[in-house]
Amino acid sequence: MIARLLLRVVSWSVMAYLILPLLVIVGSSFTATSYLAFPPQGLTLDWYGRMLADNSYLAAFGTSTLLALVATAAALLLGVPAALAIARCEFPGKKFLLSLLMSPLVLPHVVLGAALLQYCAALGLMRSFTALLVGHIVIIMPFVLRSVLPQLTPEQRALEEASADLGARPMETFFLVTLPQIRSGLASGAIFAFISSWINVELSIFNTTAEMTTIPVKLFNYVQYTIDPVIAAVSSITIGVAALAIILLDLTVGLHLLSDRR
Amino acid sequence: MSAAMNRALPLLAAPVAFFVAFFAVPMIVVVSSSLMAGGVPSLGNYARVLFDQYHWDVLAATFRIAGLTTVACALLGYPLAYYLVRVVKSPALRRTCVILLVLPLFTSNIVRSFGWMVLLGRNGLVNDALVGVGILDRPMRFLGTELGIVIGLVYILLPFIVLAVGNALAAVDPALEDASSDLGATPFDTFRTVTFPLCLPGLMSGIVMVFTLAVSAYVTPALLSGGKITVFPMLIFQQYSTVFDVNYGGALSMTLLVMTLVLVGLAGWIGNAGASATGRKAQ
């Protein structure tokens, strides 16, 4: 009984700990004071107005969004064929290939960022959108593979063979049979990939400039010197995007985390 | 074999070429430049890393912070995972909790660390509360201390361990626990001898993930250290962004990378040993 009570108290305290900082940021973005105050004192949307009036924030939001969209599209275009080859074909070195493609998950992003900075400088691409893009594609590919691979099951394979036996060309089979079957894996992989790119700092920070920067890097550079309600407003927008991505994920494929039906 | 190769090749050509060009080759560039000093091949950069007491101090701080973070994540995350999977009956409540658990994960480290900069400040909510309740008689300094960094990192990494343990727990058939209690085991005995060993692989993989992410974290320590504490990834960033010594930076990068890989390998080995001891295959 006491153990149960303790469990309950610990669990709800931990949940509160998880929500508190986000609540503080969103709350203080509405404060009418010129310094960060929580609970907010007075209510105003001024700080959001200032953010919109500052072109550099809009530009950073734009860069982040474009980068995440293009990187996600590229990761799908590269990742889905790779997943198909790994799930469907036996070839030497398959295990090695899979661990190569998954390794960005365990390699420190600081190391990858440094490597890309040095390499892209040698290629004449130093601190460019291209340098950012290739880095982001590398780190988000594992999310695509991890979501798509489990869906390419032997049962699903049988349907592909049936389609081929009935005379469909490989492309027809892919678009009419395979793709609809792995739709939910694609959706969750794409959402995870998009958001991982959108919030990345550790890799991006090596390859951005004052003029071309992503929103998290811009926030990072700003927060180190000043903390004001404009930053809280910008941060709140990113929390909103996160919430939107989760709702999207829940509506399209469902968040099957922590439940035994999968 | 060759027929399979012929089918696999067109699918793999682009992704493999991309990974070689923008992942493997850049890593090789870092390794080879770390082995150069003053334009000639040399192990001097590694000697500098290894024979400087300052680096050992930074390394010790990095591991101390990562270790404390991991222990705290396991101690706080395990009960929450157990509670959400085994105790919460309402699907709607569980779903809400899962959303709240994932929301921080989908938010940038910057934003989350920024929240803690505000909370842990001298006049922040945490100090106000601790002084208000009477636990402290005057505000305590969190920013610029290892404790502050640990609080921030635990916050950043906690969801990983909750999800890892929770998913392992969700896969354990509750019938096994029922059988145990039907046979007369107390709830604690059931937990100790049935539930805990069965979700140990999940806990282990969560612990490895949290530890490796904590060792390589740059942003959270940078924001919460107040410039007073240096962790290993900061050394790397300094070399590349302010000192511009790519050879030495490469040696530091490789040191961090090797440490991480050794840890991941070690944990995998322990996990496998543990799994074979309990007669289960590691996931």
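The values are calculated or read from the model by the stated rules, or taken from the named source; none is laboratory data. The structure presented is a predicted model; accordingly, all values stated were derived computationally and were not measured. Virtual Cβ from ideal backbone geometry, glycine too; neighbours counted across all protein chains shown.
Side notes on the structure shown:
- Meets criteria (surrounded by 15 or more Cβ atoms within 10 Å (Cβ to Cβ) and closer than 16 Å to A:ILE86 by Cβ) for B:PRO26: no
- Any hit, the range A:185-197, residues being under 30 Å from B:ARG122 (Cα atoms), more than 7 Å from every other protein chain (Cβ to nearest Cβ) and crowded, with 21+ Cβ neighbours inside 10 Å: no
- When we screen A:THR209, A:THR213 for residues that are of a type in the set (S, T, N, Q), over 15 Å from B:PHE114 (Cα atoms), modelled with pLDDT of 90 or more and not in a helix (DSSP H, G or I), the only hit is A:THR213.
- The condition of being without any contact (Cβ under 8 Å) to a residue 24 or more places away in the chain, polar (S, T, N, Q) and away from chain A (no Cβ under 12 Å) holds for B:SER90.
- Among residues of the range A:224-240 being surrounded by fewer than 22 Cβ atoms within 10 Å (Cβ to Cβ) and among the aliphatic types (A, V, I, L, M), the one that is farthest from the other protein chains (Cβ to nearest Cβ) is A:VAL230.
- When every residue of the range B:74-82 is checked against the conditions, at least one turns out to be within 9 Å of chain A (Cβ to nearest Cβ), under 30 Å from B:LEU158 (Cβ atoms), of a type in the set (Phe, Trp, Tyr) and within 22 Å of the chain's Cα centre (by Cα).
- Looking only at the range A:76-104, and only at residues there that are at the interface with another protein chain (Cβ under 7 Å from one of its Cβ atoms) and outside any helix (DSSP H, G or I), the one that is surrounded by the fewest Cβ atoms within 10 Å (Cβ to Cβ): A:GLU90
- Verdict on A:GLY42 being over 17 Å from the mean Cα position of the chain (by Cα), in a helix (DSSP H, G or I) and free of Cβ contacts under 8 Å to residues at least 60 places away in the same chain: no
- When the range A:1-29 is filtered for residues that are surrounded by 18 or more Cβ atoms within 10 Å (Cβ to Cβ), free of Cβ contacts under 8 Å to residues at least 60 places away in the same chain and within 25 Å of B:ASN123 (Cβ to Cβ), the ones remaining, listed by number, are A:LEU18, A:PRO21, A:VAL24.
- Members of the range B:1-50 that are more than 24 Å from A:ILE140 (Cβ to Cβ), at the interface with chain A (Cβ under 8 Å from one of its Cβ atoms) and within 33 Å of the chain's Cα centre (by Cα): B:SER33
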